[in-house]
Each structure stands twice: as C-alpha cells, then as structure tokens.
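Read the figures in this text as sums done on the coordinates, not as results from a lab. Please read all numbers here as calculations on a predicted model, not as lab measurements.
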Amino acid sequence: MTKTLNINLLQYDISWENPAKNFQQIQALESYFSDSDIIFLPEMFSTGFSMNVEKIAEKTFGESFQFLQKLAKKHQALVVGSIPVEEKGSFYNRMYWVEPNETFQIYDKRHLFSFAGEDKFYSAGKSRKIFSYQNWSFLPQICYDLRFPVFARNKNDYEVLFYIANWPKSRINAWNQLLKARAIENQCFVVGVNRTGIDGNGIAYNGKSQVINPLGEKIEPLQPHECVLQFSLDFLSLKKIREKFPFLKDADEFHLKF
C-alpha cells in the first residue's frame, strides 16, 4: 500500500454550458499541480449544474471524458469529475474515475436534487460503489448525496469518502458541518471539492473545498477563490485512530435497497 496519497483539488468558476472554455480553465491551472496521485474536479466540471440535458449531455465517451483521459495520462495521476451523460435514452449525472492507464469506473449520482428539478431531467444511480487505487479504498459521492448519511455508512470497506459538488454559498454552512460529520461517524478521510463563481441561474458559489481527517479536523484553511488545493493523506494516522477508537465494529448492520 502507498502509505501517503498526494491529492489536488481543483476549485474554479465553471463556465456555463461551455466545455471548451472549462477545459482551457483547467489547463491554465495545471502549472499549480503538485506531484499528485489524484486530481479531483467539481461536479459537472465541464458545464456547470445545468438541467439543459438536450444541449449539454454527452455520450459515454464524449469530449469531457476524453479530456479526463488526457489529463490523467499527462500527469500520470487518477482524475475524477462528473459529466452529464446520455445513455439508452436516459440522462445521468455520472462521475468518471479515470486512471492514468486509461482504465475507468463510473458512479451515477444516487440522490438527485429535487429542489432544483434534477430528478425531472436525470435518472438516479442504482448502486453504491467502492473504488480502489494504490491499495486505498474510496466511496464516491456527488453533492446532494452528502445529506444522506446512511448511503455513506462505512462498512469498514473504505478509507476515503469523497464528494464532488456544486454547493451554493447560501448553504455553505451545511456543507462544512456535514463533511465534518461524515468524517467523524465513518472514521475516514473526507474530501470535498466545490466550485466558485456564479452559474447560469445566478447562483453564487464560494468554494470551501477541503479535506477532513477522521477526528473531524480540517487539514488546511478553506479558500473561497479559484485555486488548486494540495493535501496529503496519511494511512498510518488513519490506522492509529481506528485502532485507538474501534467504533466501527459497534455499528448496526443493515442493507440498502435500490
């Protein structure tokens, strides 16, 4: 196992429904990348959180997916981001987990944000996924999934829980508090990646991307502006916390139905 994972979180103002411009924005930030194992992008990184599915949705291997592949290969890092995808007549808010060797996995957002009508345009995912990389295990989630703790329950099957999001400034306190709660209750590292700027619906975002340790402590100060945030996750520190406080073994058992 790689004892330490170096990760980059890209926090930027997503140009509305404009993949080409967003690719350029990401490329402009590449000079700030550290020697990274994983690069996290926000939810709908190439379009913003739009319900205009007929315009923005891509096929499974569309231009945004290809951009992720090129980024992963160039930096020899795992790259994560979500894309609006059309498949067999349905639309999904689909996360791609793209490795530098071009292999990939997907997670379709389970909890659709009905408050904004997401459930009227997109179909919900039907499975909980665990991804592995460098012998670390990860539970992938997207934005609104954060409000549903049962879906994130650690069955002692992951070390890192991560959320890629378009979480608005008006509810940023919930973002901060819920990320902390997920880290404490699941005894894991939590990674939260958010955007900045104002979207095509006039909704403001102020970033606050962050990494929280299993004790619920933020590892670095939060930033409200466009930036690349760099963190290191230490497996031994996680192992020591779980050994000292073996709370996961006392959790109730249950099964999710989709």
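Remarks
- Relative contact order, percent, the chain [alpha-carbon distance under 8 Å, six or more residues apart]: 20
- Exceeding the 23 Å Cα-Cα cut-off - candidates K155/K244; K180/K244; K74/K109: K74/K109
- HN-Hα J in Hz across the range 214-219 - Karplus 6.51, -1.76, 1.60, θ = phi - 60°, x for Gly and Pro: x, 8, x, 9, 6, 7
- For the range 75-126 versus the range 225-258, the inter-centroid distance based on Cα atoms is 23 Å.
- Residues whose amide H comes within less than 5 Å of that of G48, counting only those at least five positions distant or on another chain, are E17 (H built at 1.01 Å from N in the peptide plane).
- Straight-distance crosslink candidates among aspartates and glutamates, where the alpha carbon sits under 20 Å from K249 and sequence neighbours closer than 8 are dropped: D157, E159, E185
- Cross-link partners for K169 among the aspartates and glutamates, with Cα-Cα distance under 16 Å and sequence neighbours closer than 8 places in the same chain left out: D13, E43, D199, E226.
- Karplus-derived HN-Hα couplings along the range 117-123 (A = 6.51, B = -1.76, C = 1.60, θ = phi - 60°), whole Hz, x at Gly and Pro: x, 4, 5, 7, 10, 10, 9
- Restraint check, K126/K239; K70/K257; K73/K218; K21/K208; K218/K239; K70/K240, Cα-Cα greater than 28 Å: K126/K239; K70/K257; K73/K218; K70/K240
- Global form of the range 62-211, assessed from the alpha-carbon gyration tensor, a/c cut-off 1.5: rounded
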